[in-house]
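The values are calculated or read from the model by the stated rules, or taken from the named source; none is laboratory data. Since this is a predicted model, take the numbers as computed values, not measurements. Cβ placement follows ideal geometry from the backbone for every residue including glycine, while neighbour counts extend to all protein chains displayed.
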Amino acid sequence: MAFASFDMVSFGILEVPPHPLRFGFQVDIIPEESPRQIMFGLVSRHRSPEGKTSSVGFAVQFDLQTGEVWDLLNDSGLLGMIPDVDLFLGQFSDEEPMLLSWEVEHLGSALIPKLHIGGEEWLYPAIGFRDGMRMETLAGGAGDHGSTLSSFLHPAVWRETLM
């Protein structure tokens with residue numbers, strides 16, 4: 001239910017292979033044209049033998065008014081803040097949008113993420129890898145439902161094998 005207040009859009013599914021690799025998901029936003037609350041994540045959903053669905057992965061809420069970055073999946077609370085948020089956001093425009101990206105390293109049985117917001121970087125709790133794991137690329141905005149898809153520009157999913 002962490003995503004209930006967001007108008008969500010999926011940019012596809014990424015299958016995580018059982019070997020070491022680096023992968024990621026990224027989108028651009030224009031802060032002055034975006035909802036004030038942004039959600040951005042890579043999420044894996046699975047069903048238990050009892051039929052319950054649970055979600056694991058990496059997802060944050062970024063508040064463009066306060067600069068706060070909150071964890072949405074792993075109960076970590078406030079991950080960090082953008083200092084002087086107005087000055088920070090003012091450097092981005094339609095000619096130079098702000099990049100939001102997840103970079104994840106799959107090493108052994110762990111998926112180790114890094115979150116990038118406009119050049120700032122945060123570490124995020126790692127999760128365990130499961131065979132057959134699929135991660136959905138999600139973004140969303142709080143508030144005006146229906147405008148979310150146009151808020152996220154240039155979505156991209158990438159991956160590279162680690163040697």
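Among residues that are among the polar types (S, T, N, Q) and in a strand (DSSP E or B), Gln65 is not included. Of the residues making up the range 44-67, those that are surrounded by 18 or more Cβ atoms within 10 Å (Cβ to Cβ) and in contact with a helix residue (DSSP H, G or I) (Cβ under 8 Å, 6 or more places away or on another chain) are Leu64, Gly67. Considering the range 114-129, and only residues there that are among the aromatic types (Phe, Trp, Tyr) and in a loop (DSSP other than H, G, I, E, B), the residue that is nearest to Gln91 (Cα to Cα) turns out to be Tyr124.
Flag: Glu136 does not match the condition of being at pLDDT 90 or above, over 17 Å from Leu73 (Cβ atoms), surrounded by 13 or more Cβ atoms within 10 Å (Cβ to Cβ) and not hydrophobic (A, V, I, L, M, F, W, C). Contact map, the range 14-39: first residue farther than 20 Å from Leu153 by Cβ, second residue surrounded by fewer than 20 Cβ atoms within 10 Å (Cβ to Cβ) and β-branched (Val, Ile, Thr), Cβ cut-off under 8 Å, separation 6 or more or different chains; pairs are His19/Thr161; Pro20/Thr161; Leu21/Thr161; Phe23/Val157. Counting only residues that are hydrophobic (A, V, I, L, M, F, W, C) and part of a loop (DSSP other than H, G, I, E, B), the range 3-27 holds 3 of them. Tallying residues that are buried (at least 17 other Cβ atoms within 10 Å of the Cβ) and acidic (Asp, Glu) within the range 1-43 yields 2. Can you pull out the residues in the range 1-60 that are of a type in the set (Phe, Trp, Tyr) and at pLDDT below 90? Residues satisfying the conditions are Phe3, Phe6. Just so you know, in the range 68-90 the residues that are surrounded by 12 or more Cβ atoms within 10 Å (Cβ to Cβ) and either in a loop (DSSP other than H, G, I, E, B) or among the aromatic types (Phe, Trp, Tyr) (or both) include one that is farthest from the chain's Cα centre (by Cα), and it is Phe88. On the given criteria, is Val60 touching an Asp or Glu at 6+ places or on another chain (Cβ under 7 Å) and assigned to a strand (DSSP E or B)? Against the criterion (touching an Asp or Glu at 6+ places or on another chain (Cβ under 7 Å) and assigned to a strand (DSSP E or B)), Val60 qualifies. What's the number of the only condition in (1) of a type in the set (A, V, I, L, M); (2) under 12 Å from the mean Cα position of the chain (by Cα); (3) in a strand (DSSP E or B) that Leu111 fails to meet? Leu111 satisfies every listed condition except (2).
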